[in-house]
Amino acid sequence: MAKLHVITYGCQMNEYDSERVAGLLRAHRYELTDHEADADLILVNTCAIREKAEDKVFSKLGELRALKARRPDVVVGVMGCMAQLQQGVVQKRAPHVDLVFGSAAVSRVAELVERVRHDRRPVLETGEAPLVKITARPPSANRLKAYVTVMEGCEKHCTFCVVPRTRGRERSHPPEAIVDEVRGLVAAGCREVTLLGQTVNAYGRDLTPPTDLAALLHRVNDVAGLARIRFTTSNPYNLTPRLIAALRDVPKVCEWFHLPLQSGSDRVLQGMNRGYTRAQYLELVAALRDAVPDLALSTDLIVGFPGETEADFEATLDMVARVQYDNVFAFRYSRRPGTPAAEMADQVPDEIKAERNARLLGVVGRVTAARSARLAGQMVEVLVDGTSRRNAGELSGRTRCNRVVNFDGQGRAAVGDVVSVRVTEVLPHSLRATLTTAPEEIVCSSR
Ligand code: SAM
């Protein structure tokens, strides 16, 4: 077998695509290796969301130039969002790259690699193609938890974001194909799936007949043997009462919800073209918490969007305190070529972005610590997914609210079990707990 090394940057969708590529290439006699020095084929799966992500890719490609000089037969490929958006720049700055292909060409990866080997010249493939559901996975993929892409693309046109230009229009996979994929994963030992889409809660609008994420959650819930369902990323604009009801009513759907706010200022939200106001967002949060009182809420926030004033920024801090998030992903605004915000006047200087980011993280730290403290003494359900990083004698897993928990399995619990534990200690990044039930006694009954 030839050896394949995949380097993945960016979001869960990229992780999913990397797995599919490895699965497809396995059928063409490529097995995964963790060591790039051993590889015959190196694929770099890229992210274009922020400048920093692109810088990391170019620095990696710079490193690979030396390897390629030593071993010219190694094929180096660049895939994913940056390949789609910056194909010319990639070819110019990294002429040693043999293959550049976008997400639409993932299903044809084996043919493209073959073409590079046969023609002995660079291949570029970034055109559009029909949506294909690929289910191949390498044997090394995590058995217990899996991502399942349910739709591709984004049509939101937020003024800061490159995604509509890298992943194209919204296209949903048919529910039957998704359920089949989940069944196959469960048959191979999977217990938890995360359904993925750039705006996952816009799922199904483009299908004939149209459907929605709520209906899909009910169908995936019916897959026997599956314990948990998560989904991400939702956009407040598409958050319907039907989806909120599904969060409450579909037993396997976890009490975990990621709802990007981006900014707490109405003026900035309008400049971002987000399509909601802070008052509307707060109404959604109230409806969510009303339906699922112990819901863990997380969000994405951008600081330093063009024109953001101190008052706008303070409105964001105020929202963090009001909503009481369990987790926050804070980003400094990054000027992305070709997006409307990149051309806006009043770009915020880097020092102000850095200062606001630090202040935001301070408020986030206090809010999330207070949320965590509430867990002390509570009984929580854990899907055991491995051993503790600090102590190999202990088990580790995640709660339905996605917290890491470490505990002594007392020989009564094993990887793959769903067990009940009582939280004894709340640490900054994890919980400590004691086992309270035998495995499987409380599968999916945490509400
Ligand atoms: N589709 C989702 C949405 O818009 O709600 C989020 C997808 S994006 C991969 C993840 C996060 O990256 C966004 O929610 C946003 O906070 C951040 N992001 C996107 N473009 C950005 C930019 N130009 N600068 C800084 N952060 C950005």
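Taking each DSSP H run with n ≥ 4 as -39500 (n - 2.57) and averaging over every residue of the chain yields -10500 deg cm²/dmol at 222 nm.
For the chain, set up a GNM with springs between Cα atoms under 10 Å and report which of VAL253, VAL320, VAL426 has the largest fluctuation. It is VAL426. For the options ILE49, ILE244, ILE352, a Gaussian network treatment of the chain with springs between C-alpha atoms closer than 10 Å singles out ILE352 as fluctuating the most. Peptides 399-405, 409-415 ranked from most to least packed give 399-405, 409-415, packing being the mean of other C-beta atoms within 10 angstrom over each peptide's residues.
Scaled against 2.2 N^0.38 Å for its residue count N, the alpha carbon radius of gyration of the range 1-96 is 1.03. In this Cβ point-charge picture (+1 for Lys and Arg, -1 for Asp and Glu), the chain has a dipole of about 480 debye about its Cα centre.
Close amide-amide hydrogen proximity is noted between VAL78 and VAL44, LEU99, VAL100, PHE101, each under 5 Å apart and 5 or more residues distant or on a separate chain (H modeled in the peptide plane; Pro and chain starts excluded). Averaging the Cα positions of each part gives two centres, and for the range 330-393 and the range 72-86 these lie 30 Å apart.
Classify the chain as rounded, prolate or oblate, taking a ≥ b ≥ c as the square roots of the eigenvalues of its Cα gyration tensor: rounded when a/c is under 1.5, otherwise prolate if a/b is larger than b/c and oblate if not. The shape class here is oblate. When the Cα positions of PRO122, VAL364, LEU239 are compared along the charge dipole of the chain, PRO122 comes out farthest toward the positive end, with charges on each C-beta of Lys, Arg, Asp and Glu. Using 0.36 nm per residue and subtracting the Cα-Cα separation, the extra length available between GLU394 and ALA414 on full extension is 6.2 nm. For GLN378, the residues 5 or more places off, or on other chains, whose built amide H falls under 5 Å of its own are VAL423.
Taking a straight Cα-Cα cut-off under 18 Å and skipping sequence neighbours fewer than 8 places away in the same chain, the aspartates and glutamates within cross-link reach of LYS145 are GLU15, ASP17, GLU19, ASP180, GLU181, GLU192, ASP222, GLU255, GLU381, ASP385, ASP417, GLU440.
Name the shape class, rounded, prolate or oblate, that the alpha-carbon gyration tensor gives for the range 65-192, where a ≥ b ≥ c are the square roots of its eigenvalues, rounded holds for a/c under 1.5, and otherwise prolate holds if a/b is larger than b/c and oblate otherwise.
oblate
Dipole magnitude for the range 265-402: about 380 debye, using +1 per Lys or Arg Cβ and -1 per Asp or Glu Cβ, origin at the Cα centre. Both radii were evaluated on the Cα set of the range 303-447; the Rg over Rh quotient, with Rh as the Kirkwood radius, amounts to 1.15.
For the chain, set up a GNM with springs between Cα atoms under 10 Å and report which of SER420, SER140, SER234 has the largest fluctuation. Most flexible of the set in this elastic network: SER140.
Each part gets one Cα centre, and for the range 18-59 versus the range 236-272 those centres are 32 Å apart. The chymotrypsin sites (Phe, Trp or Tyr not before Pro) of the range 329-365 include none that meets both conditions, a loop assignment by DSSP and at most 15 other Cβ atoms within 10 Å of the site Cβ. Taking 7 Å steps out from each Cα toward its Cβ at ARG248 and ALA373 produces label points 3.0 nm apart.
Summary of the geometry: the range 122-145 and the range 148-197, compared by the centres of their Cα atoms, lie 12 Å apart.
Overall, the range 191-317 carries a charge dipole of about 480 debye about its Cα centre when +1 sits on the Cβ of Lys and Arg and -1 on the Cβ of Asp and Glu, all other atoms neutral. Using the charge dipole of the chain (Lys, Arg: +1 at Cβ; Asp, Glu: -1 at Cβ; taken about the Cα centre), state which of SER140, LEU85, VAL268 has its Cα farthest towards the positive end. Projecting each Cα onto the dipole axis, the largest value belongs to SER140.
Read-outs: derived from the displayed coordinates by stated rules, not from any lab. Model, not experiment: these values are computed from the prediction. Ideal geometry is used to build each Cβ from the backbone, glycine not excepted, and the neighbour counts take in all protein chains shown.
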